[in-house]
Amino acid sequence: MGRALAAFIWVMTILSVWMFLDGRWWFPKSISEHGPAYDQQFVLTIIVVGVAFSAAQIALGYAVWRFRDTGDGSRAVYSHGNNRMEILWTAITAVIFITVAVLGQRVWAGLHFQPAPPDSNRVRVVAQQFQWNFHYPGADGKFGRTDPARISDESLNFIGLDSTDPAAADDSVVATLVTQVNRPVELNLTARDVTHSLWVPPLRFKQDAVPGLDIKVHFKPLTVGQYEIACAELCGQQHYKMKSFMLVLPEDEYRQLVALPQAQFQTQVTQLVRKYPVKYD
Amino acid sequence: MAEATDPHEVHEGGEHEGAHGHGAHHHPPSGFIRKYIFSIDHKVIGIQYLLLALVSVFVGLTMSVLMRMNLTWPGTQWPVLGTLFPDGAPNGVMSPEFYLSLVTMHGTIMVFFVLTTAPQGGFGNYFLPIQVGADDMAFPVLNMLSFWTTLAGLVVILAAIFFSGNSVVGPTGGWTGYPPLSAIGDILNVPGQGMGMNLWIISIAIFCVASLLGALNFIVTLLNLRTRGMSLMRMPLTCWAWFTTAILALLSFPVLLAAGILLFLDRTAGTSFFVPGGLSNGSGIEALRNYSGGSPILWQHLFWFFGHPEVYIAILPGMGATSHILSTFARKPVFGYRAMVFAMFAIGLLGFFVWGHHMFLSGMSPYTGFAFSILTLSIGVPSAIKTFNWLGTLWGARIRFTTPMLFAIGFVSLFVAGGITGLVLGQTSLDLSMHDTYFVLAHFHLVMGVAAIFGMFAGMYFWFPKMFGRMMSERLGKIHFWPTMIGVYAIFVPMHAMGIVGMPRRYSQFHEVINGQDVMIYEFLRTTPGLVKMVTWAAILTAFAQLIFLYNFVYSLFRGERASDNPWEATTLEWVTPSPPPHDNFGGKVPVVYRGAYEYSVPGAPQDFVLQTTPDETEANAPPHGEVSAQGQGDGSNGHR
């Protein structure tokens, strides 16, 4: 029984490690500026995790194999412990864990401890059951006023854009997040009913969109293309298909698009969506 | 083993006196109702908790199998489902809200009515008084009330199956019930956010009260009712675990109760604790205009301030039982007893400072996230200490592979597997991708849904002889162990891969049939269907394997071989008394303790275990093996070869 258990533990360990190393089940290729640093930290952590996991399981398997009662009448070692070992392994564990913990703050700090760079493009995000609304300020660069009382899905005014505000005249609201390659983008996230969460896997970025809050985040996409947006906070029965898309456009296409008046914005977005198919490496 | 204590010995004063008397608490009850239904005997109450948990776990397990089936084969027409739930599964096809109600009920039932009942209310209630040498808990009537209140909570949540609306079998907010969805979901016409949500809150509120009634009992009993010679450092580690767990429960459940009341008020009394103003459902609904000024994040703070200690409430008793059982069947003292006690306290204490790691992306200040992250990774240190000490206990051992031992070893393996990924999830940076993915599911299921369950199985197989006076079948125990051990790894290890790929939580399906074609909804999940299918088959097989345990349990209750006082040749106080113990636990004799709880393989001792009640003087004069009643081969064979 001990030998069988040891064998299972070792086989399970090998298979588990193999699953991570296999390569089929990994992140999609990073498209953001902070992505490589994220991936590096993840790999470092997984190596620490993998070593600790494997060492513990192998030791457990070994102990269970080697120290089984063989019926020869001999007794176990009468030991209540070893204080020196306790201090040693506690100290080593603490150093490793705290180091990983501190290193694990770097990407976070880079994204969230400073405001968006001044040259960022800005997009307002209003999440709702069950679609994403991305609000663009238009050629004047100013977001028109919004008022929840003006929201009307029937008239397609999902975010309550106030048409009496002159700044709103050139604003566009579409379901696609459009960004410019190599340029930071600042999102102002909110939601108009329940909490949702914006999640783009190749971006290595996720952020809850909370009613009553205006959450400012920023990141910089580096690769032109189209990527899927999924909702990552339970928001109701259609949570599983609250799907949208993020476009990362070359500078000229981006500039051209955001200068377009409301009437042509959506049409152009639709064309660009066709131009850049969703493709993950 | 004949006791050398004078049965009429009376306590002197001092720290061990307390309220302990010779059956002073209550006389043995008479009549079926007083004996088995409204009993104030901690042993009966413990068994009642265990039976409650047993019923709950099979309900929760069935729900999880249904969830897995929908994830793997969405759009399938399941005839039985269609007949039972024509609205939730029209033509037998499970609707998204039906799935979400399964998610919610599965989580709620498992976390509260399984993980927070059996380990503490079940085994703790039964064995804490006996292991410290008391004749009952400090407050037996309160104890009885805590069980019946828990049962009331279960009745309410089970009622939610039938009263949440036609298309669901419960509320649909997840076991975490985040507002605004849980506050205004009904106004938004989200199915399962009406009466089901109210019942959910009420059930949990009742459960909070029940938990508080129980927690106080544990603390007072352990501090005041220990028998003579049972100093704190001679207590079994199970007692330390139940003690720490009770403190955590006492401090965390009131916060959940408060949060639940506030949410209930938001739903029914027009308050705005968690609901901000300016909301809309797209068609100008009036009811939303009544809200203003509330904070959805406030709920998360309150919930997780409870929720994080809760997961330690779920695992600590299993850790105590594992230490206890490993030592027993390794025939070796626990390695680093003091460090183990310290580690449990450290885990319990730090457990109160880390709740924000559930909320890194919630919109709370990123600086707060930083603080929570550092504290979270610190909890890994006492957890690692415990793992090292478990390995140390096995090192140089003479392991007897009984069924409880197999599950205890399994606990160690699973706790390592599940706990170690905390190192990933506890980092703010890495949470940017991992939050709300299957990586989180893998992590918490391995620790809570498997390691903690293995702790319960180990405890059940270990203590069944004492509780019921009969042995469980070792053969069936091993037949239960193997598919379970293999199965749980097959279910939850692949979920890490799914999470890395980006599979989100609480999605009712990942592919659907459009124009006759089965299409992945998200292209980035295209590499996952094979894993999904494998996990589902593993889940189905593992679920069925649990029927072996159920059969063994029921069969052994009636036909198991009679158990001696000490079939495992163990050292602690529950093994000096008959199986099952008499009403006052020790038959009028007050046990006196002379040594620590884990004196195995003591050099020079006549046997490889020394009971806690063995005084030093009699060691040399100990009767030869075979002449006393509390003997066995220690492997459950009860003397038969």
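Applying the selection to region A:46-103, what residues are closer than 26 Å to A:GLY23 by Cβ and either in contact with an Asp or Glu (Cβ under 9 Å, 6 or more places away or on another chain) or surrounded by fewer than 14 Cβ atoms within 10 Å (Cβ to Cβ) (or both)?
A:ILE47, A:VAL51, A:ALA55
Does A:TRP108 count as under 28 Å from the mean Cα position of the chain (by Cα) and closer than 30 Å to A:ALA52 by Cβ?
Yes; evaluated as a whole, the condition is true for this residue.
Against the conditions (1) out of contact with any Leu (no Cβ under 9 Å at 6 or more places or on another chain); (2) within 14 Å of chain B (Cβ to nearest Cβ); (3) of a type in the set (Lys, Arg), where does A:ARG204 fall short? Just the number, please.
(1)
Within region A:88-118, restricting attention to residues that are facing another protein chain (nearest Cβ under 9 Å) and polar (S, T, N, Q), which residue is nearest to B:PHE360 (Cα to Cα)?
A:GLN105
If a residue has to be touching a residue at least 60 places away in the same chain (Cβ under 8 Å) and either within 21 Å of B:ARG289 (Cβ to Cβ) or in a loop (DSSP other than H, G, I, E, B) (or both) to count, how many in region A:138-184 make the cut?
Residues in region A:138-184 being touching a residue at least 60 places away in the same chain (Cβ under 8 Å) and either within 21 Å of B:ARG289 (Cβ to Cβ) or in a loop (DSSP other than H, G, I, E, B) (or both): 10 in total.
Looking at (1) at the interface with chain B (Cβ under 7 Å from one of its Cβ atoms); (2) surrounded by fewer than 17 Cβ atoms within 10 Å (Cβ to Cβ), can you tell me which one A:TYR38 breaks?
In the conditions (1) at the interface with chain B (Cβ under 7 Å from one of its Cβ atoms); (2) surrounded by fewer than 17 Cβ atoms within 10 Å (Cβ to Cβ), A:TYR38 misses (2) alone.
Which of the residues belonging to region B:508-528 are in contact (Cβ under 8 Å) with a residue 40 or more places away in the chain and within 12 Å of chain A (Cβ to nearest Cβ)?
Within region B:508-528, B:SER508, B:GLN509, B:PHE510, B:HIS511, B:GLU512 qualify.
If you take the residues of region A:134-153 that are surrounded by 21 or more Cβ atoms within 10 Å (Cβ to Cβ) and modelled with pLDDT of 95 or more, which of them is farthest from the other protein chains (Cβ to nearest Cβ)?
This residue is A:TYR136.
So is B:PRO309 in contact with a Gly (Cβ under 6 Å, 6 or more places away or on another chain) and either away from chain A (no Cβ under 11 Å) or at pLDDT 95 or above (or both) or not?
Criteria met by B:PRO309.
Any idea which of (1) at pLDDT below 95; (2) not in a loop (DSSP other than H, G, I, E, B) is the one B:VAL532 doesn't satisfy?
In the conditions (1) at pLDDT below 95; (2) not in a loop (DSSP other than H, G, I, E, B), B:VAL532 misses (1) alone.
Would you check if there is a residue in region B:289-296 being basic (Lys, Arg), in a helix (DSSP H, G or I) and within 14 Å of chain A (Cβ to nearest Cβ)?
yes
Scan region B:154-172 and give yes if some residue there is more than 30 Å from B:SER292 (Cβ to Cβ) and free of Cβ contacts under 8 Å to residues at least 12 places away in the same chain, otherwise no.
yes
Do you know which residues across region A:230-243 are in contact (Cβ under 8 Å) with a residue 60 or more places away in the chain and more than 16 Å from B:HIS511 (Cα to Cα)?
Across region A:230-243, the qualifying residues are A:CYS235, A:GLY236.
Considering each residue of region B:342-398, count those that are in contact with a Gly (Cβ under 6 Å, 6 or more places away or on another chain) and outside any helix (DSSP H, G or I), and give that number.
Qualifying residue count for the region: 1.
Cβ-Cβ distance below 8 Å, separation of 6 or more or different chains: which pairs start in region A:20-31 with a residue that is under 18 Å from A:VAL278 (Cα atoms) and end on one that is hydroxyl-bearing (Ser, Thr, Tyr)?
From region A:20-31, the pairs are A:PHE27/B:SER433; A:PRO28/A:TYR280; A:LYS29/A:THR223; A:LYS29/A:TYR280; A:SER30/A:TYR38; A:ILE31/A:THR223; A:ILE31/A:TYR227.
Need the failing condition index for B:ILE374 against (1) over 23 Å from the mean Cα position of the chain (by Cα); (2) of a type outside the set (D, E, K, R); (3) buried (at least 21 other Cβ atoms within 10 Å of the Cβ), just the number.
The single condition B:ILE374 does not satisfy is (3).
The values are calculated or read from the model by the stated rules, or taken from the named source; none is laboratory data. Everything quoted here is computed from the prediction, not taken from an experiment. Note: ideal-geometry Cβ built from the backbone for every residue, glycine included; neighbour counts use all protein chains shown.
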